[in-house]
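Step one of this worksheet: look at the structure below.
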Amino acid sequence: MNVLIRTLGFSLALMLIFTAVTYVLPQMKGEAPEDTAVDVAALTMDSFISLGEDLFLGKGACALCHNILDRAPDLLALNVVDTSLVRIGDPLYQGEAVNAADYLRESMLDPNIFVVSGYGKKGSNDTESPMPVADRPPSQLSNVEIDAIIAFLQAKDGNPVTVALPVQTPASLVAADEFTDPVKSMLAQTAEEVIAKYACAACHSVLDAEAAIGPSLNDVGQRLSIDQIRDSVIAPNAVIVEGYAPVMPNTSETMVVRELELIVQFLAEQTGDQP
Amino acid sequence: MLLLMMVAITGLSGSGFSSVASAAGQTVAPQISSVDSDVPTDESISSLLPAPKPERSDYPKIGVSSRSLVWVIAQMHLFFGALVLAVPIFVLVIELIGFTTKDDRYDDMAHEFMKISLTAYAITALFGGALTLSLFMLYPDLMNYLTTRVFGPQMLVYAALFFLESLLLYVYYYGWYALRYGNRKWIHLSLGLLLNAVGTTLLVIANSWTTFMMAPSGIDAAGAVVGNIWDVMRGPLWNPLNLHRFIANVAFGGAVVGAYAAFKFLCAKTAAEKAHYDWMGYTSNFIAILAFLPLPFAGYWLMAEIYAYSQQMGILAMGGILAWLFVIQAVLICTILFAGNYYLWSGMARTEGGQRYRWLIKYIAAVLVLGFLVWVAPHNIIFTADEIARLGGSNHPVLGPLGIMPAKNIAVFLMLIFTFLSFQIYRRADKVITVSWEGWANALMVAIYIVASVNVIFAGVYYGYFTNTVYKVGSSVMQVGSTLVVIVSGVVIDTFLFKGAKTLPVSWGKISGRSQYALFALPVAFTWLMALMGYVRSSLRTHWHVYAVMKDNSADNFIPTLQHVGNMVTFVTVLFLIFLLFIFWVANLSGVKQVPALGSGSRTAAQGAA
């Protein structure tokens, strides 16, 4: 019995040490991406680029290889637009792209069309790329998602974004994990969420908050018409209320139409009579 | 049996298709067989359907995590399966040694090993049945797809082989003493060979299910079966996994029976018992370490094939979310190496000749400790902003380079080389070499050690830090080669050196009790390691049941945190340990005979006959 207890105790102690190692290491959980529809109508160019960045780092798994470890060209370090044009000019290039956006799309949909020297599959003499086709499993990116990644790659170095915002929502368009989809997660659903999202209460008295940097919004519906309120949100510095500084940030680039209508409607109802 | 029934119920039949393109990686086009009829059958039409796409609601809910339940049962089945397939392999070798040397001690030891395997076999079958049941209950769409459409009749073959394995196992064990000497021994050895052939076939069939889910072949992009069963089985990862599991099973089996021997040694009351179980423990450790040494090379091949199949999958393992698990792997493998080396050093006390080599132990220990520290050093850890500012980046300026693969490769290969040195001096401990060229041979051996070590370090440093990724991978081949040269040349040189050597007396049983705990550390670390690496391999599929073909939409389709993994692995290891102690107890019980009390009126058979 003594031997049994000692050997069992020794074995359990050893296992506890192994288990303890798992506790001191970083704890990460790899969520599976969920197929959720992108609300294309809610997209602005900034959120579209942000979506692209999220896909690049997340669902698309691009950053798994395109990083500083040199398993694939480090797209975050390179000026991707300039590099794309160099690749198009390479004598070995046999694709049909004439600009950076087309080249990037072509690379994602047919990675073998041009393999950068040194990055081909082992033994293929750089004729075969190890990169999976973007619109097939496991990444299975939609056209909108591919365009979003291109927009991100163009914008990250200050290049003009040449891909257009998607204009409608085809049934087949699916996007990233709802928990990581910046468009979906950023889109405010109520006026209160809009106020919180754009930090209106940091300067204005609104809802339960008190602030004096900007004029109170609790009675703005009494002072301004609904159109004036809308104009003030879209172009806050066009008309400045006397006694206040023109410091309100311009939200027209980031606020989507739905959010604008939510906040305008809410403010129009703020007549100072509310309890 | 249950598997057979389930397979029969689900109505398996041939696909009726054969492939027209067989080269790996090529699209395999369907071709309707015209043997029976030109009209495809219902079954053949069904195999052309795409893989099912179950929704979350299609997975039955049982109140606990389905994945966790299947995880525990599957792991237990794999542990015992590995044991019962591995033990007969080295039992056959030991039996053959006993037969050729006419030494009955080998034969008795082999028989005692088989006693453990036999008890474990019933438990393997029980967990196999439980696994089949739980898989069909909890993952019905996946199992229906795999059993009825992808693997089909192959599963019937598996079930039939399982019965054959049972039959051969019982005849092999119970026929041991009836077929012990003379020509009858050849019949027994042939039975053992057949048993191992069937066991290995079972292993590779089961492996094909695993590798199909990781790297499917013989189906189209939608999951429709377009090839024959051979196309389905011989995916790119099949053979690497076959080799890896075969070697790992032998190492695991050796370690487990070593624990049995250690347990018996610690319980032994007489010097004869101690001597017997000391020798048994030594043999088990020898098997475990010998099988363990080439395991990294098989692992390297498997990982290289994973990379070749999908770079994304390979990087997920080695540089993605699963990469941290390799820090734990380092701790486990180093535990195995420390335990194996410590046992060898302790074993040198059995003979006076061991004193000649004791001075080397501290240097070997130093290499092992340094290797462990390098291997376990993470590339980066989670810092606060303040810590990053003080450090000047997310990597330590001096220790940072130790966190990447080239440094770890150097550490691993040096540890393997020096473990072989322990093994070599242990083998030399009881020998007095008499050949005249001993000095030259020793000088050559020392030179090989030095050149190999320098080569391992040079390849790691130069190609790892001063060239690009392509050469980094290539440097591992040089390091593998250097390590193999040491092992092979060490064995060859010693074989010639030992010719005519004087053998010093070995006092079996003259070893510290403390050393026996090394024989417990080995199976504990092996078991934990097997469970961990099995989890890593399985997790490479991420949220896919069948990679890139059939999505896992269950509630458990995420990669859990390391803590959760650690808890699960420890749980299954403890469970395995409990079952193992039960097996040891049963194996021990079979040797216990009750003696009738005086005056009880009981009569022995001999008395009755008289």
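The table below lists the values:
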| quantity | calculated |
| --- | --- |
| Output for the range B:424-443, where each listed residue is touching a residue at least 24 places away in the same chain (Cβ under 8 Å) and either among the basic types (K, R) or surrounded by 14 or more Cβ atoms within 10 Å (Cβ to Cβ) (or both) | B:Q424, B:I425, B:Y426, B:R427, B:R428, B:A429, B:D430, B:K431, B:I433, B:V435, B:A441 |
| When residues of the range B:545-577 are limited to those that are more than 9 Å from chain A (Cβ to nearest Cβ) and aliphatic (A, V, I, L, M), the one farthest from B:P60 (Cα to Cα) | B:L575 |
| Subset of the range B:491-514 (residues that are among the basic types (K, R) and within 32 Å of the chain's Cα centre (by Cα)) | B:K510, B:R514 |
| Residue within the range A:143-165 that is under 29 Å from B:A308 (Cα atoms), part of a loop (DSSP other than H, G, I, E, B) and touching a Ser or Thr at 6+ places or on another chain (Cβ under 9 Å) present | no |
| Selection count, the range A:212-230, where residues are in contact with a His (Cβ under 8 Å, 6 or more places away or on another chain), hydrophobic (A, V, I, L, M, F, W, C) and at pLDDT 80 or above | 1 |
| Filtered residue count, the range A:85-126, keeping only those that are in a loop (DSSP other than H, G, I, E, B) and in contact (Cβ under 8 Å) with a residue 60 or more places away in the chain | 1 |
| Residue match in the range B:251-269 (condition: over 25 Å from B:R537 (Cβ atoms) and not in a helix (DSSP H, G or I)) | yes |
| Filter pass, B:Y463 being over 27 Å from B:A291 (Cβ atoms) and crowded, with 19+ Cβ neighbours inside 10 Å | yes |
| Looking only at the range B:583-593, and only at residues there that are more than 10 Å from chain A (Cβ to nearest Cβ) and in contact (Cβ under 8 Å) with a residue 24 or more places away in the chain, the one that is nearest to B:A255 (Cα to Cα) | B:I583 |
| Residue in the range A:25-43 that is more than 14 Å from chain B (Cβ to nearest Cβ), at pLDDT below 90 and surrounded by fewer than 14 Cβ atoms within 10 Å (Cβ to Cβ) present | yes |
| Any hit, the range A:231-246, residues being under 30 Å from A:K59 (Cα atoms) and at pLDDT 80 or above | no |
| Those residues of the range B:310-324 which are surrounded by 22 or more Cβ atoms within 10 Å (Cβ to Cβ), part of a helix (DSSP H, G or I), in contact (Cβ under 8 Å) with a residue 24 or more places away in the chain and more than 8 Å from chain A (Cβ to nearest Cβ), in sequence order | B:M313 |
| Any hit, the range A:51-66, residues being over 18 Å from the mean Cα position of the chain (by Cα), within 30 Å of B:F466 (Cα to Cα), touching a residue at least 24 places away in the same chain (Cβ under 8 Å) and facing chain B (nearest Cβ under 10 Å) | yes |
| Within the range B:325-350, considering residues that are among the polar types (S, T, N, Q) and surrounded by fewer than 20 Cβ atoms within 10 Å (Cβ to Cβ), the one modelled with the highest pLDDT | B:S346 |
| Members of the range B:357-370 found to be farther than 16 Å from B:F423 by Cβ and either surrounded by 14 or more Cβ atoms within 10 Å (Cβ to Cβ) or among the aliphatic types (A, V, I, L, M) (or both), listed by number | B:A366, B:V369, B:L370 |
| Leading residue by the ranking (farthest from the other protein chains (Cβ to nearest Cβ)) among those in the range B:217-274 that are farther than 30 Å from B:F520 by Cβ and among the small types (G, A, S) | B:G227 |
| Residue in the range B:200-216 that is over 28 Å from B:L522 (Cα atoms), part of a loop (DSSP other than H, G, I, E, B) and more than 14 Å from chain A (Cβ to nearest Cβ) present | no |
| Whichever residue in the range B:255-298 is of a type in the set (V, I, T) and out of contact with any Gly (no Cβ under 8 Å at 6 or more places or on another chain) and, among such residues, is nearest to A:S11 (Cα to Cα) | B:V256 |
| Breaking point among (1) in a helix (DSSP H, G or I); (2) under 30 Å from A:N125 (Cβ atoms); (3) in contact with a Leu (Cβ under 9 Å, 6 or more places away or on another chain), for A:H66 | (1) |
| Qualifying residues in the range B:187-199 (those that are touching a residue at least 60 places away in the same chain (Cβ under 8 Å) and surrounded by fewer than 17 Cβ atoms within 10 Å (Cβ to Cβ)) - the one nearest to B:F162 (Cα to Cα) | B:L193 |
| Per-region count, the range B:140-185, residues outside any helix (DSSP H, G or I) and over 21 Å from B:M233 (Cβ atoms) | 8 |
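Conditions (1) in contact with a helix residue (DSSP H, G or I) (Cβ under 6 Å, 6 or more places away or on another chain); (2) of a type in the set (G, A, S); (3) in contact (Cβ under 8 Å) with a residue 40 or more places away in the chain, marked per residue:
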residue: B:L85; (1), (2), (3): yes, no, yes
residue: B:L92; (1), (2), (3): yes, no, yes
residue: B:A120; (1), (2), (3): yes, yes, yes
residue: B:G129; (1), (2), (3): yes, yes, yes
residue: B:L138; (1), (2), (3): yes, no, yes
residue: B:R149; (1), (2), (3): yes, no, yes
residue: B:A159; (1), (2), (3): yes, yes, yes
residue: B:F162; (1), (2), (3): no, no, yes
residue: B:Y174; (1), (2), (3): no, no, no
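So that you can scan it fast, the table gives a plain yes or no per residue for (1) modelled with pLDDT under 90; (2) surrounded by 13 or more Cβ atoms within 10 Å (Cβ to Cβ); (3) within 14 Å of chain A (Cβ to nearest Cβ):
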position: B:N468; (1), (2), (3): yes, no, yes
position: B:K472; (1), (2), (3): yes, yes, yes
position: B:F498; (1), (2), (3): no, yes, no
position: B:W508; (1), (2), (3): no, yes, no
position: B:Q516; (1), (2), (3): no, yes, yes
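The values are calculated or read from the model by the stated rules, or taken from the named source; none is laboratory data. Just so it is clear, the model here is predicted, and its values are computed rather than measured. All Cβ positions, even for glycine, are placed from backbone atoms using ideal geometry, and neighbour counts span all protein chains on display.
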